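Report on the structure given below.
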Amino acid sequence: MKQKIFILLLVIFFLPGLAACSSQNHMDGQTFETIGEEEEKVNQNQFYITAGETVFTAVFSDNSSAEAFKNLIAEKPLTVDMHDYGSFEKVGEIGDTLPRNDEQITTKPGDVILYLGTNITIYYDTNSWNFTRLGKIQDATKEDLLAALGDGNVTVTFSLEKFRIN
C-alpha cells in the first residue's frame, strides 16, 4: 500500500515537469512552439533568429549593446518587419533605443548589427561603416541567408529560445 502511495506521489510531482519541456506562446496573433528541452537553453551567449521556417543560431557579441539587446529579447521575443537595403542587408526598427558601441566594421554574411541605436540589420553581404555588432549567425552562408530572408520584406523574430512559428 505504501509503495502505491509513493508511486502516486511521484506521478503527481513529476508529471507537470514533463509537460513543461515543450510549451506554446502566443504573441501578436502568432503561435510560437518552443523546440527542445529546457536543458538545451543553458547557453546564455546565444540567441535565435527565425525567418519563416528557418531558425538560425547566433552568438552575442561582447559589448554593452549586445547585453542590452539580450535583456530586450529576454522580456519577450522581438518580431521585426525587415526590408532590403543596398542589396547587402535586411534592416528593421526595433522599437527601442539601445546603447551604441560603434566601430569601423566590414560586415560579412551573418553579422547582426545595430545601426543608429534603433535599427537591427542582418547582413548577407559585405559593407564597411561605423556599426555596433550585436552578434553573428553561426554556420550560415550568403546563400543560406538569402534563401531564408528572400527578396523584399520579411518578418524576423529574435529570441533567447528556439521557436517554430505555427
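The values are calculated or read from the model by the stated rules, or taken from the named source; none is laboratory data. Every value quoted in this text rests on a predicted model; they were computed, and no experiment measured them. Here the Cβ positions follow ideal geometry from the backbone for every residue, glycine too, while neighbour counts run over all protein chains shown. All accessible areas refer to the heavy atoms of the entire protein, side chains included, with ligands and DNA or RNA removed. Shrake-Rupley method; radii C 1.70, N 1.55, O 1.52, S 1.80 Å.
Looking at LEU114, is it modelled with pLDDT of 95 or more and not in a strand (DSSP E or B)? No: the conditions fail for LEU114. Taking the criterion of being polar (S, T, N, Q) and under 15 Å from GLY92 (Cβ atoms), the only residue of the range 121-137 that qualifies is THR121. When restricted to residues that are surrounded by 17 or more Cβ atoms within 10 Å (Cβ to Cβ) and of a type outside the set (Phe, Trp, Tyr), the range 120-135 contains 8. Can we say GLU67 is in contact (Cβ under 8 Å) with a residue 24 or more places away in the chain and of a type in the set (Asp, Glu)? Considered against the rule, which asks whether it is in contact (Cβ under 8 Å) with a residue 24 or more places away in the chain and of a type in the set (Asp, Glu), GLU67 comes out as no. Does the range 57-72 hold any residues that are open to solvent by 20 Å² or more (accessible area, probe 1.4 Å) and hydrophobic (A, V, I, L, M, F, W, C), and which are they? Scanning the range 57-72 gives VAL59, ALA68, LEU72. Checking every residue in the range 38-47 against the condition of being open to solvent by 40 Å² or more (accessible area, probe 1.4 Å), assigned to a strand (DSSP E or B) and modelled with pLDDT under 95 gives zero matches. Scanning the range 83-95 for residues that are open to solvent by less than 30 Å² (accessible area, probe 1.4 Å) and touching an Asp or Glu at 6+ places or on another chain (Cβ under 9 Å) turns up GLU89, LYS90, VAL91, GLY92.
Filter the range 117-166 down to residues that are of a type in the set (D, E, K, R) and closer than 26 Å to ASN101 by Cα and give me whichever is modelled with the lowest pLDDT. Only one residue tops the list, namely GLU161. In this structure, does GLU93 turn out to be at pLDDT 95 or above and in contact with a Phe, Trp or Tyr (Cβ under 8 Å, 6 or more places away or on another chain)? No; evaluated as a whole, the condition is false for this residue. Taking the conditions (1) part of a helix (DSSP H, G or I); (2) open to solvent by 60 Å² or more (accessible area, probe 1.4 Å); (3) modelled with pLDDT of 95 or more; (4) among the polar types (S, T, N, Q) in turn, GLN104 satisfies each one other than (1).
Here is a yes/no grid of residues against (1) of a type in the set (Gly, Ala, Ser); (2) touching a residue at least 24 places away in the same chain (Cβ under 8 Å); (3) in contact with a Gly (Cβ under 8 Å, 6 or more places away or on another chain):
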site: ILE105; (1), (2), (3): no, yes, no
site: LEU116; (1), (2), (3): no, no, no
site: TYR123; (1), (2), (3): no, yes, yes
site: LYS142; (1), (2), (3): no, yes, no
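Among the candidates PHE88, PHE47, PHE60, PHE69, the residue that is under 19 Å from PHE131 (Cα atoms), in contact with a Lys or Arg (Cβ under 8 Å, 6 or more places away or on another chain) and aromatic (Phe, Trp, Tyr) is uniquely PHE60. Take the conditions (1) of a type outside the set (Val, Ile, Thr); (2) buried (at least 21 other Cβ atoms within 10 Å of the Cβ); (3) not in a loop (DSSP other than H, G, I, E, B); LEU98 misses just one of them, which is (3).
Every residue in the range 136-166 that is of a type in the set (Asp, Glu), under 17 Å from the mean Cα position of the chain (by Cα) and open to solvent by 70 Å² or more (accessible area, probe 1.4 Å), please. Once the filter is applied, which keeps residues that are of a type in the set (Asp, Glu), under 17 Å from the mean Cα position of the chain (by Cα) and open to solvent by 70 Å² or more (accessible area, probe 1.4 Å), the range 136-166 yields only ASP139.
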